[in-house]
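Asks: The structure under discussion is supplied below as structure tokens; questions concerning it will follow.
The values are calculated or read from the model by the stated rules, or taken from the named source; none is laboratory data. Since the structure is predicted, the reported quantities are computational estimates derived from the model, not experimental observations. Cβ atoms come from the backbone with ideal geometry, glycine included; neighbour counts cover every protein chain shown.
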Amino acid sequence: MVEIIDSGTSEFLEELLIRIREYLASPQELVKHVPAASLQKVIDTNLPLEGLGLENALDDIDQFLKYSVKTNLPGFMNPLWGGFNLSAFAGEVVATLANNSMYTYELSPFATLVEQALIQRMCEIVGFSDGNGTLTTGGSNGNMIGMMCARYHNNPLGQQRGFNGENLVCYVSEESHYSVLMSGNVLGIGSDNIIKVPCDEHGRMRCDKLVEEINRTKMNSEIPFCVIATSGTTVRGAFDPLKAISEICSQHNLWLHVDAAWGGSCLFSAKYRSLMDGIELADSVCWDAHKMMGVPLVCSAFLIKNPEILRKVCSHGNVAHYLFLGEAEEVDLGRISLQCGRRNDALKLFLAWREKGDAGWSRQVENYVKLADYLQSKIEDHPKLEMMSSRVWSNVCLRYFSDDFDSDELNQRLRNRLVKSGKFMISQSKIKGQTILRPVIANPSVSEKTIDELVEEIGKIGDDIVRGIPFLDR
């Protein structure tokens, strides 16, 4: 029997575990802000001709952790994800240890059944009783697969003969994620044929404008084929009206894909599930578990009501006689995926779900929204802060205002100082052309105390800028 664990390997693993424990336990700065040009001068990224050994790997890990953004800390409220889940972390480590690939049952027997169980449960939650799907690399990939399925639904023969993307038109909210434009680019549809439908004052797609755009497309002898609605927009966290949109899609025979990468987790909550009323009427959905569910990147699901269409879209794999054997046709996941070699992202979600259960996810979602409500109340009570949008989810859009300063410049400088201070990281965006600050609550480490400190820090930095007090960059 080959001996894999020798004394050197065992010692290395022990040292690695020490670093993991220290990373999680030690109080740290959120980020050690160093400009790229400066960081390049102090770290060693040279790739040697002769290997440097395991001891050097530990040194490199120390450097990596030193300069990484500490996304597990409570001050991290920048993107739509954050925090740390121990069971999911364990699943990530073990999946990498096993190093299976997910294209056949033969190579990943347990993980194949786990992924199928996860997809079926998510389909049940969405309302796709006979649905299926696949884990993907994220919402961007899920949106592209949704558009591919819509294209096939419009023209099944195009799978063999090719598609003319110039005449196909897709409709999205003007506040949708940029990945829809990427999908149009990859699939040869073109950005001009991705029509951005105006939104109401709350950031939701206007159905009257959607109908106008569909009719305009038909008058131009072009072909409407797909609507992509958003459940949880990136900036405001708005939810498009799915029931009304589905009725329009039904009338015009259009595929309805829902980008629920951010907002899909509302389906766990009896209190917030209504935000996605009508989701069962969609044709396909993408839903990121690495966002509000807090599973390590990446972990995302694409779900489809009619699995046969996904199987047709991915039928290129049928020629791979060296991979797929007939007796495993119904369980080999490579037949319903665009990828061949694919890592096991199912185990970490499975372990986290078994730990928390549906009820645990529900409590997590509701607590995040409750904390966002608390943050909104603090902003509304603050003399120099104002909300910049209504909200229903855990996105909070605000700005510091002063009669003596240009608001856009002021809030850009404020956010820059806030991030460089090393305690908080929030994002900057625009609503109706105005620069806003956008903290997002999607991190289990965040508490009311964190929010109190954030509001105090934003107010203090804003006051300093207005008074002309210089910032001492560490």
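Asks: Suppose we keep only residues that are free of Cβ contacts under 8 Å to residues at least 60 places away in the same chain and among the hydroxyl-bearing types (Ser, Thr, Tyr) within the range 371-408. Which one would you say is farthest from Gln434 (Cα to Cα)?
Replies: Result: Ser377.
Asks: Could you tell me whether the range 263-286 includes any residue that is assigned to a loop (DSSP other than H, G, I, E, B) and within 17 Å of the chain's Cα centre (by Cα)? Please lay out each step first, then the result.
Replies: If we filter the range 263-286 for residues that are assigned to a loop (DSSP other than H, G, I, E, B), which is where we start, we get 263, 269-272, 277-278, 282-283.
Still in the list and also within 17 Å of the chain's Cα centre (by Cα): 263.
Yes, some residue in the range 263-286 is assigned to a loop (DSSP other than H, G, I, E, B) and within 17 Å of the chain's Cα centre (by Cα).
Asks: Search the range 445-458 for residues being touching a Pro at 6+ places or on another chain (Cβ under 9 Å) and under 14 Å from Lys370 (Cβ atoms), and hand back the single one that is surrounded by the fewest Cβ atoms within 10 Å (Cβ to Cβ).
Replies: Ser447
Residue-by-condition table, conditions (1) touching a helix residue (DSSP H, G or I) at 6+ places or on another chain (Cβ under 7 Å); (2) surrounded by 10 or more Cβ atoms within 10 Å (Cβ to Cβ); (3) of a type in the set (D, E, K, R):
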position	(1), (2), (3)
Tyr23	yes, yes, no
Ser26	no, no, no
Ala37	no, no, no
Asp44	no, yes, yes
Leu52	no, yes, no
Leu73	no, yes, no
Met77	no, yes, no
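Asks: Against the definition (out of contact with any Pro (no Cβ under 6 Å at 6 or more places or on another chain) and buried (at least 19 other Cβ atoms within 10 Å of the Cβ)), how does Lys312 come out, yes or no? Give the steps one after another, and end with the answer.
Replies: Working: out of contact with any Pro (no Cβ under 6 Å at 6 or more places or on another chain): yes; buried (at least 19 other Cβ atoms within 10 Å of the Cβ): no.
In short, no.
Rundown of residues vs (1) under 30 Å from Val331 (Cβ atoms); (2) assigned by TED's automatic domain parsing to the domain that holds Asp259; (3) out of contact with any helix residue (DSSP H, G or I) (no Cβ under 6 Å at 6 or more places or on another chain), yes/no style:
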site: Ile119; (1), (2), (3): yes, yes, yes
site: Val126; (1), (2), (3): yes, yes, no
site: Gly131; (1), (2), (3): yes, yes, no
site: Ile145; (1), (2), (3): yes, yes, yes
site: Glu166; (1), (2), (3): no, yes, yes
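Asks: Same structure, new question: Does Tyr368 satisfy the condition of being touching a helix residue (DSSP H, G or I) at 6+ places or on another chain (Cβ under 8 Å), part of a helix (DSSP H, G or I) and in contact (Cβ under 8 Å) with a residue 60 or more places away in the chain? Talk me through it step by step, then tell me what you get.
Replies: Numbers: touching a helix residue (DSSP H, G or I) at 6+ places or on another chain (Cβ under 8 Å): no; part of a helix (DSSP H, G or I): yes; in contact (Cβ under 8 Å) with a residue 60 or more places away in the chain: yes.
So Tyr368 fails the test.
Asks: Can you tell me which residue among Asp473, Asp403, Asp452 is more than 24 Å from Gly232 (Cα to Cα), modelled with pLDDT of 95 or more and either touching a Gly at 6+ places or on another chain (Cβ under 6 Å) or outside the structural domain of Thr233 (by TED's automatic domain parsing) (or both)? Spell out the reasoning first.
Replies: Values: Asp473 fails: modelled with pLDDT of 95 or more; Asp403 fails: modelled with pLDDT of 95 or more.
Among Asp473, Asp403, Asp452, only Asp452 is more than 24 Å from Gly232 (Cα to Cα), modelled with pLDDT of 95 or more and either touching a Gly at 6+ places or on another chain (Cβ under 6 Å) or outside the structural domain of Thr233 (by TED's automatic domain parsing) (or both).
Asks: What's the total number of residues in the range 352-390 that are within 20 Å of Gly82 (Cα to Cα), buried (at least 19 other Cβ atoms within 10 Å of the Cβ) and not aromatic (Phe, Trp, Tyr)?
Replies: The number of residues fulfilling the criteria is 9.
Asks: Could you run through the range 10-53 and say how many residues are β-branched (Val, Ile, Thr) and in contact (Cβ under 8 Å) with a residue 12 or more places away in the chain?
Replies: Within the range 10-53, residues that are β-branched (Val, Ile, Thr) and in contact (Cβ under 8 Å) with a residue 12 or more places away in the chain number 3.
Asks: What helices (runs of 4 or more DSSP H), lying completely within the range 144-260, carry at least 1 residues that are aliphatic (A, V, I, L, M) and touching a His at 6+ places or on another chain (Cβ under 9 Å)? Outline the logic, then answer.
Replies: Working: elements: 158-161, 179-186, 207-219, 242-252.
The qualifying helices (runs of 4 or more DSSP H) are 207-219.
Asks: Oh, and also: Scan the range 115-124 and give yes if some residue there is more than 21 Å from Val298 (Cα to Cα) and not in a loop (DSSP other than H, G, I, E, B), otherwise no. Can you show your working first?
Replies: From the range 115-124, those more than 21 Å from Val298 (Cα to Cα) are 124; that's our starting set.
Cutting the leftovers down to not in a loop (DSSP other than H, G, I, E, B) gives us 124.
Within the range 115-124, one or more residues are more than 21 Å from Val298 (Cα to Cα) and not in a loop (DSSP other than H, G, I, E, B).
Asks: Look at the range 289-313 and say how many of its residues are within 9 Å of the chain's Cα centre (by Cα) and in a helix (DSSP H, G or I). Can you show your working first?
Replies: First pass over the range 289-313, keeping only residues within 9 Å of the chain's Cα centre (by Cα): 289-292, 297-300.
If we keep only those that are in a helix (DSSP H, G or I) as well, we get none.
Residues flagged as within 9 Å of the chain's Cα centre (by Cα) and in a helix (DSSP H, G or I) within the range 289-313 amount to 0.
Asks: Quick check, is Lys209 within 23 Å of Ser429 (Cβ to Cβ) and over 24 Å from the mean Cα position of the chain (by Cα)? Steps first, answer last, please.
Replies: Working: within 23 Å of Ser429 (Cβ to Cβ): yes; over 24 Å from the mean Cα position of the chain (by Cα): yes.
For Lys209, the condition - within 23 Å of Ser429 (Cβ to Cβ) and over 24 Å from the mean Cα position of the chain (by Cα) - is met.
Asks: Considering only the range 18-28, state which residues are part of a loop (DSSP other than H, G, I, E, B) and farther than 28 Å from Ile426 by Cβ.
Replies: To start, the set of residues in the range 18-28 that are part of a loop (DSSP other than H, G, I, E, B) comprises 26-28.
Within the range 18-28, none qualify.
Asks: Only one of (1) touching a His at 6+ places or on another chain (Cβ under 8 Å); (2) modelled with pLDDT of 95 or more is not met by Met425, so which one is it?
Replies: Of everything listed in (1) touching a His at 6+ places or on another chain (Cβ under 8 Å); (2) modelled with pLDDT of 95 or more, Met425 misses just condition (1).
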